[in-house]
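Data first, discussion second: the structure below is written as structure tokens.
The values are calculated or read from the model by the stated rules, or taken from the named source; none is laboratory data. Fair warning: this is a prediction, and the values are worked out from it, not measured in the lab. Methodologically, a virtual Cβ is constructed for each residue, glycine included, from the backbone with ideal geometry; neighbour enumeration extends over all protein chains shown. Side chains are part of the model used for accessible areas, which takes the heavy atoms of the whole protein and leaves out ligands, DNA and RNA. Shrake-Rupley method; radii C 1.70, N 1.55, O 1.52, S 1.80 Å.
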Amino acid sequence: MRLLLPLLMGLSCMAAAAADGACMSDEASAVRALNALRAQAQTCGGRLWPAAPALRWQATLGNAARRYAQELAAQDRLDHVGADGATLRTRLREAGYVMRLSGENLAGGPETLDEVLALWLASPAHCENLMGADFQEFGLACVSGPGRLQRYWVLQLGSPASAPRSSPGRSP
């Protein structure tokens, strides 16, 4: 029974996502893809970043990412500051995520998770977020929209306020 409840919750989240224009298949695929990427050293803008610890899916971050992806799709824009002036910190606080550290990657256009990860790896700042060893949790969403970009990806990374730093001096 303990295994069935998370499975049913995941399926209900996927059904809700499909109803609101989501273009990402499932959380488990995102966890596998991000952790496979982080398991290998990556070069971000000429700097070699060592392999980073695995991330875990965090539902509050996932929901916040989905809401922000929906906002971006509705406005057909990519910006880390919302139309109401809300920053990532503001959005996460309003979602109930108490963080020590946060980061956000946005993209518009890629059709698949592999494509968006490749795009982020090619951008030094986005790559650094992907490889940040201090990040412990994430939420990822992709929402389809009618605008010029058609797909709006939001990755929110975080470490809860109670989490210890894994590598002093790292502050994305």
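Give the residue that is surrounded by the most Cβ atoms within 10 Å (Cβ to Cβ), with candidates limited to residues of region 128-152 that are among the aromatic types (Phe, Trp, Tyr) and either without any contact (Cβ under 8 Å) to a residue 60 or more places away in the chain or in contact with a Phe, Trp or Tyr (Cβ under 9 Å, 6 or more places away or on another chain) (or both). Before you say what the answer is, go through the steps one by one.
Step one: of region 128-152, the residues among the aromatic types (Phe, Trp, Tyr) are 135, 138, 152.
Restricting the remaining residues to those that are either without any contact (Cβ under 8 Å) to a residue 60 or more places away in the chain or in contact with a Phe, Trp or Tyr (Cβ under 9 Å, 6 or more places away or on another chain) (or both) gives 138, 152.
On the way: 138: 25, 152: 29.
Selected residue: 152.
Within region 71-78, is even one residue touching a Ser or Thr at 6+ places or on another chain (Cβ under 8 Å), of a type in the set (A, V, I, L, M, F, W, C) and over 24 Å from residue 32 (Cβ atoms)? I'd like the intermediate steps shown before the answer.
Initially, region 71-78 is screened for residues touching a Ser or Thr at 6+ places or on another chain (Cβ under 8 Å), giving 73.
Subset that is of a type in the set (A, V, I, L, M, F, W, C): 73.
Narrowing further to those that are over 24 Å from residue 32 (Cβ atoms): 73.
Looking through region 71-78, at least one residue is touching a Ser or Thr at 6+ places or on another chain (Cβ under 8 Å), of a type in the set (A, V, I, L, M, F, W, C) and over 24 Å from residue 32 (Cβ atoms).
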Report task. Could you tell me whether any residue of region 93-102 is under 22 Å from residue 149 (Cβ atoms) and either in contact with a helix residue (DSSP H, G or I) (Cβ under 6 Å, 6 or more places away or on another chain) or of a type outside the set (D, E, K, R) (or both)? Result -> no
Query raised in the report: For residue 118, all conditions in the list (1) at pLDDT 95 or above; (2) surrounded by fewer than 22 Cβ atoms within 10 Å (Cβ to Cβ); (3) under 15 Å from residue 54 (Cα atoms); (4) not acidic (Asp, Glu) hold save one; what is the number of the exception?
Result: (3)
Report summary line: Going through region 105-154 in order, the residues found to be among the hydrophobic types (A, V, I, L, M, F, W, C) and part of a strand (DSSP E or B) are 106, 107, 138, 140, 141, 142, 143, 153, 154
Query raised in the report: What do you reckon, is residue 125 among the aliphatic types (A, V, I, L, M), open to solvent by 50 Å² or more (accessible area, probe 1.4 Å), touching a Pro at 6+ places or on another chain (Cβ under 9 Å) and within 24 Å of residue 40 (Cα to Cα)?
Result: yes
Query raised in the report: Quick check: is even one residue across region 54-68 open to solvent by less than 20 Å² (accessible area, probe 1.4 Å), part of a loop (DSSP other than H, G, I, E, B) and out of contact with any His (no Cβ under 8 Å at 6 or more places or on another chain)?
Result: yes
**Report entry** Single unsatisfied condition, residue 166 versus (1) at pLDDT 95 or above; (2) closer than 26 Å to residue 46 by Cβ; (3) of a type in the set (Gly, Ala, Ser)
**Finding:** (1)
Query raised in the report: Among the residues of region 83-91, is any open to solvent by less than 60 Å² (accessible area, probe 1.4 Å) and in contact with a Leu (Cβ under 9 Å, 6 or more places away or on another chain)?
Result: no
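Please tell me if residue 120 is farther than 12 Å from residue 156 by Cβ and without any contact (Cβ under 8 Å) to a residue 40 or more places away in the chain.
Details: farther than 12 Å from residue 156 by Cβ: yes; without any contact (Cβ under 8 Å) to a residue 40 or more places away in the chain: yes.
Considered against the rule, which asks whether it is farther than 12 Å from residue 156 by Cβ and without any contact (Cβ under 8 Å) to a residue 40 or more places away in the chain, residue 120 comes out as yes.
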